[in-house]
1. Residues being open to solvent by 20 Å² or more (accessible area, probe 1.4 Å) and polar (S, T, N, Q): count how many of those fall in the range 178-202.
2. Regarding the range 107-121, can at least one residue be identified that is more than 30 Å from L48 (Cβ to Cβ) and open to solvent by 60 Å² or more (accessible area, probe 1.4 Å)?
3. Would you point out the residue of the range 69-81, among those that are open to solvent by 10 Å² or more (accessible area, probe 1.4 Å) and not in a loop (DSSP other than H, G, I, E, B), that is nearest to I404 (Cα to Cα)?
4. Of the residues L261, L326, L267, only one is open to solvent by 10 Å² or more (accessible area, probe 1.4 Å) and of a type in the set (A, V, I, L, M); which?
5. Scan K84, K52 and give me the residue that is open to solvent by 30 Å² or more (accessible area, probe 1.4 Å) and either outside any helix (DSSP H, G or I) or farther than 23 Å from A186 by Cα (or both).
6. Of all the residues that make up the range 376-421, how many are modelled with pLDDT under 80 and within 23 Å of the chain's Cα centre (by Cα)?
7. Has the range 400-410 got at least one residue that is without any contact (Cβ under 8 Å) to a residue 40 or more places away in the chain, assigned to a helix (DSSP H, G or I) and open to solvent by 40 Å² or more (accessible area, probe 1.4 Å)?
8. S226: under 11 Å from the mean Cα position of the chain (by Cα) and of a type in the set (G, A, S), yes or no?
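The values are calculated or read from the model by the stated rules, or taken from the named source; none is laboratory data. What you see is a predicted model, and the numbers here were worked out from it, not measured in a lab. Here the Cβ positions follow ideal geometry from the backbone for every residue, glycine too, while neighbour counts run over all protein chains shown. Heavy atoms of the whole protein, side chains included, go into the accessibility calculation; ligands, DNA and RNA do not. Shrake-Rupley method; radii C 1.70, N 1.55, O 1.52, S 1.80 Å.
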Amino acid sequence: MKNFILFLYLTIIVLMLISMPALKKSKAIMVEWKMMSVKSSDMNMFFLMDEKSYVFTLTVMMVTTSILMYSKFYIEKKKMMFTKILIMFMISMVMLIMSPNMVSLVMGWEGLGMTSFVLIMYYQNKKSMMSSMYTIMMNRIGDITLLASMMLLMNSNSWMFLSLEFMNSGITWVMLITTSMFSKSAQIPFSSWLTEAMAAPTPVSALVHSSTLVTAGVYLMIRFKSAMIYLQMDQIIFTVAMMTLTMASVNSLMEMDMKKLVALSTLSQISIMFISMSTNLYSLAFFHMIMHATFKALIFLCTSTFISVSNTQDLRKISSTSTNLLVTNISFNVASMILCALPFVSSFYSKEIIMEMIMVKPLNKILAMGFITLMMVTTSYSLKMMMITNLNKMYLTMKMKSEINTQKMSKLILLIPSIILGNKLAWLMELNKDVIYLSISEKLIPATMILIMTAMMKIDTKNKINKTNTNVKQMMSYMWFMKNLNIVKKLELMNQNMLSMKITEKGMVFSKTKLLIKFTYMTTQLLFKTNQMNLKAVISIMFILMIIFV
């Protein structure tokens, strides 16, 4: 594991050295790898290394390195197996990032789905097994639509993203590929799997929710930018993203499970990226995705430490007042303020510009105001997490262990980029050619929002744990009743498991296996005999059978 972390460090350094001149000159490199050659046909693998793939690969590797370092403390059993699966997960994502054509993209996409399935059911209890099954079932819809869109594009000359032949292929394949993007990025109606994926170990959640699985759909939409603009998918994307943002923001105000609260904040940030893409701000969406990856992974790692120390996920029982967790406390508070888009931190350079551009764009004023209000909700739940954890007193009488060095290092690797990366990348990347002209009052709206929400936050530290369960709260906790489907599917799976358990208790498995072997043998024998028969004889038998059945 140490060797792999060192290897990742070296890879990150080399990529940084390569990407600096590539970003300045905005060059792209296409690498062709000849895998095999059969007679006159070649099988080649292509890798596209441009501005976006350089920056995103660096971010994924940086987040994975910090999580692998943190896993030394967090994962006790089967560390080697966990590390191998996590590395496979990272490789699948890097393959998806660097693939310029549909074939290699599907390989990376499927790799993400399968490795996430294994990682969610890592603890191998009933809850994690059911959650992983539900997650893969929801993601399978997106996989099927992606493969269907790939089949529709077979008539085009090329499967490359750079090909302009896609424009004339109709709107059907774009609708299918948009569905797969929504399913992978957990937009409505596929949002319910996101909180189910919280059954995984928290370091896995940090990787899934920051820079890999949920961002795959956003990245794919950025790659298909020209087709999305040409076929005018803006209205559909905006409507779905706005609904998801509303649902996630309102849910997060009432949620008290710390892991689920951070997951819902991820969902709202992904929706912001989709909204910015629907208003033709693709570069800004990509920039916000990179910023989000760093500080969201940091929030998850700090949450993981709080949960492991307090032995609970209930926000009202978690406290960060211990002096033993100094680095975690600082990191968590700083990362939460970055999520609020505090002026001159990394997310301020992306989130604030998105808000300004939406005010400038010719959108419906009610929708624009709704978007700004939902941004205020983001500040609200971030401050809620900060204030509850900082004001709660430790109820544990025993002395806690101090943070080990790997824990501190894993957080510091992400803390520094979370603060300074926004400013540095804003100068390197070409975000927007247009100059935004706003009045002073419009320019001060984001900063004023943070101040208003801070003044409004009067949190009762003596929150009652058992509150009356109203219909509204039930609707919110079930994510607008989208989780009802989840409950039905879980019950079906449980019934199947119960039946299989009963069968094994009665010793019926062996008899079933014997019957299956006998049936397979008989069918193969019948097939062999029919192959030896003459064509006329087969046709005459089929004709006689048809007459009998009719």
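1. Looking only at that region, the number is 1.
2. No: zero hits.
3. First, pick out the residues of the range 69-81 that are open to solvent by 10 Å² or more (accessible area, probe 1.4 Å): 69, 72-74, 76-81.
So of that shortlist, the ones also not in a loop (DSSP other than H, G, I, E, B) come out as 69, 72-74, 79-81.
Numbers: M69: 11, K72: 10, F73: 8, Y74: 11, K79: 17, M80: 20, M81: 23 Å.
Across the range 69-81, the extreme among qualifying residues is F73.
4. Details: L261 fails: open to solvent by 10 Å² or more (accessible area, probe 1.4 Å); L267 fails: open to solvent by 10 Å² or more (accessible area, probe 1.4 Å).
Exactly one of L261, L326, L267 is open to solvent by 10 Å² or more (accessible area, probe 1.4 Å) and of a type in the set (A, V, I, L, M), namely L326.
5. On the way: K52 fails: either outside any helix (DSSP H, G or I) or farther than 23 Å from A186 by Cα (or both).
Only one candidate passes the filter, namely K84.
6. Adding up the residues that qualify gives 0.
7. Let us first name the residues in the range 400-410 that are without any contact (Cβ under 8 Å) to a residue 40 or more places away in the chain, namely 405.
Next, only the ones that are assigned to a helix (DSSP H, G or I) stay: 405.
Subset that is open to solvent by 40 Å² or more (accessible area, probe 1.4 Å): 405.
Within the range 400-410, one or more residues are without any contact (Cβ under 8 Å) to a residue 40 or more places away in the chain, assigned to a helix (DSSP H, G or I) and open to solvent by 40 Å² or more (accessible area, probe 1.4 Å).
8. Values: under 11 Å from the mean Cα position of the chain (by Cα): no; of a type in the set (G, A, S): yes.
Taking the combined requirement at face value, the residue does not satisfy it.
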